[in-house]
Amino acid sequence: MERTNDGVARTRLAVRCLSEMSESPPKVTRQEVEDFLYAEAALLDAWRLEEWLDLLTEDARYLVPPTDTRDGDPVTSLFIVADDIVRIRSRVKQLLGKSAWAEKPRSRTRRLISNVRIVENNGDSVKAAANFAVYRMRYELIDTYVGCYEYELIVRSGKLKIRERKAILDLEALRPHGKISFIL
Amino acid sequence: MDGVSLHRLVIDDEARGLFRVNRRIFTEPEYLEIERRRIFETCWIYAAHESELPRPGDFVSRRVAGRPVIAIRGDDGAVRVLLNTCTHRGALVCREDRGNAKSFQCPYHAWTFSQRGELIGVPGEESYSPAFDRKELTLGQPARVDTYRGFIFINFNRDAGELTDYLAGAKEYLDLVCDQSETGMKVSQGLQAYSIRANWKLLVENSYDGYHAVSAHRRYMRFLEDTGIDIKGSMNPRQEVDLGTGAGKGSRALDLGNGHAVIEYESPWGRPIAYWAPSFGESAKGRIEAARRRLEERFGAERAWRISGTSRNLGIFPNLVVNDIMAVTIRTFFPLTPDYLEVNAWSLAPANEHPQDAALRHDNFLTFLGPGGFATPDDIEMLETCQRGFANHEVEWSDISRGMKSAHPLMSDELQMRAFWRRWNELMTGSHARGSQCAA
Ligand code: FES
Ligand SMILES: [Fe+2]
């Protein structure tokens, strides 16, 4: 289902790219961003992490700021997660491997994404934001991660790609969650 | 007394080289009550770092050993710690995590307290009797406050010994951490505030457990290999470290007195302090080598090597961990219930660090450490599963005997944990566990 949506969005983007090539760059619509984020969430919840990697650019970053410095910069502040693409790929490899004990066996997750909005639209790149509630189920406990995503998306060959993905937690502390052992 | 048995909680059978800890002390609430009084109210407890209070009026407000306190630098430059509860009827007089304040006004009835805790404002004071004395209503303070190299400690016991005596051999290791910098050390912005569904003493053990690295952190070791580090043989060293020359791959574990302990070992990973690794990139090499030369000028080759090329996991009794590993982390924690603890963890870095070094430090920190790192989540998982396992109360004992007969205990032994447990047992029971015997 989610793949279909994703496929439709990509096709539409591609068509518009072709037809408007000579004119000003086509604007990505909120609908396209929404479809993209839903498709991404479905991949993550299904642990299809290799496919998820395909959504990222070669210079992608994945960030989770600390709960007390949500507007911080990873150079000056100690984040919870501040992965460059090398570490994102390593994280995926670990999570799909045999010894990421915190996720072995894997937890169940379910992401609810809403309030999607485009914050800045430059044609072939957009900054988008969305609210999230991510449930993680493990050992018959439920931990709920609540916050806001900030995305930097770019259009590559008619497809949206993630250049930066920041999950800003509204939680005041990772309590009682304790950890972010999956991709938030 | 206290309705629970304090008999044979720890078995310290030196003759046979066996050391056991009774698992009831991880699960029964009665022991936590006793710990609160006999450990957390008698020991020096880390509260904050001076670098968090750079200017007069700067404060941080947080729970320390379960109590809301305020650490504030006064206009006179002195650091004070105030108990964050209004002397009128109890409200928190400070409800911000940090900031700068000339005074604190309680929001409930607007009593106002100075930076020193003095009561300086009482609306409608004429309604009180002549016996009402502002001086008796100063904000509470811990019985003792003292600092060592920027680390602010508090003690709720008026009769406690001096902090420097208390720290004993741990001072040398705090020195090794702080000597990294000529400009002093500072806590970086960004608190990692998390929790573990396990007993707090399991985190003590885990924080300097060199035995678990190869298995529990297998994925981190793979990651290191992927970044071009040869870790073979370095994580389960068989020989004692030669800290003088750095020859070979070695380690040692030391009892530092008063329940403090450390493991010290040659770093398999790079360290932002003058110890380059391939993942830092060629561009960082020059800066890191210059830093190493500078350390050698200041301290001589041997100590410079120790500061830069070795890592150390230091446990300061009861609940402070200073791990000087891929970066420096200050970690402190406190139990809310026998099976739940709260952790606060910070990064400690040289003040005025070059931004490129700071970036490298944070990267290095995060690959291993913290609730989103490649290692800490697995530690948490291990501790939480231990706690679940303890429901099988027929399995009475945990074994902490590793390396007990060794003349040169290594990081992968358990001497450091025994140092903690012996002190814990003394404070809890008033007697030594030494010589107690395992049932044959
Ligand atoms: S409780 Fe603080 S003024 Fe009344
Ligand atoms: Fe660990």
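The values are calculated or read from the model by the stated rules, or taken from the named source; none is laboratory data. Here the structure is a predicted model, which means the values were calculated and not measured. Cβ: placed from backbone, ideal geometry, glycine included. Neighbour counts: every protein chain shown. All accessible areas refer to the heavy atoms of the entire protein, side chains included, with ligands and DNA or RNA removed. Shrake-Rupley method; radii C 1.70, N 1.55, O 1.52, S 1.80 Å.
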The stretch B:282-313-the stretch A:45-120 distance, computed between alpha-carbon centres (Å): 34
Under 25 Å from A:LYS161, Cα to Cα: lysines that are on another chain or at least 8 residues apart: A:LYS27, A:LYS93, A:LYS127
Helix A:85-96 vs. chain A, principal-axis angle (Cα, 0 to 90°, nearest 10): 60
Accessible surface, 1.4 Å probe, highest first, among residues B:HIS88, A:HIS177: B:HIS88, A:HIS177
FRET efficiency, 1/(1 + (r/R0)^6) with R0 25 Å, evaluated for A:ILE154 and A:SER114 via beta carbons: 0.60
For the stretch B:188-429: relative contact order, % (alpha-carbon pairs under 8 angstrom, 6 or more apart): 30
Low-density loop positions, chymotrypsin sites (Phe, Trp or Tyr not before Pro), the stretch B:256-365 - DSSP coil, at most 14 other Cβ in 10 Å: none
Relative contact order (%) - the stretch A:26-169, alpha-carbon pairs under 8 angstrom, separation at least six: 26
Angle in degrees between helix B:355-368 and the longest Cα principal axis of chain B, rounded to the nearest 10: 80
Whole-number percent relative contact order across chain B, with pairs defined as alpha carbons under 8 Å at least 6 apart: 22
Chymotrypsin sites (Phe, Trp or Tyr not before Pro) restricted to DSSP loop in the stretch A:112-169 with at most 12 other C-beta within 10 Å: A:TYR139
Relative pair counts by distance (%), Cα atoms of chain B, 10 Å bins: 4, 20, 29, 25, 15, 6, 2, 0
Apportionment of accessible area to carbon and sulfur, the protein assembly as shown, percent (1.4 Å): 49
Charge tally in the Cβ shell below 11 Å around A:THR109, where Lys, Arg are +1 and Asp, Glu are -1, A:THR109 excluded: +3
Accessible area, probe 1.4 Å, largest first, for residues B:CYS94, B:CYS386: B:CYS386, B:CYS94
Chains A and B, summed buried accessible surface - 1.4 Å probe, Å², nearest 100: 3400
Å² per residue, accessible surface of the stretch B:130-232 at 1.4 Å: 40
C-alpha long axis of helix B:282-309 to longest principal axis of chain B, angle in °: 80
Rounded if a/c under 1.5, otherwise prolate or oblate - the stretch B:130-187, Cα gyration tensor axes: oblate
Net charge of Cβ neighbours under 15 Å - reference A:LYS179; Lys, Arg +1; Asp, Glu -1: +2
Accessible area in the full protein assembly, largest first, 1.4 Å probe, for B:VAL4, A:VAL92: B:VAL4, A:VAL92
Under 12 Å from B:LYS135, Cα to Cα: aspartates and glutamates that are on another chain or at least 8 residues apart: B:GLU118
Sparse-neighbourhood loop sites, GluC sites (Glu not before Pro) in the stretch B:121-172 - DSSP loop, at most 16 other Cβ within 10 angstrom: B:GLU162
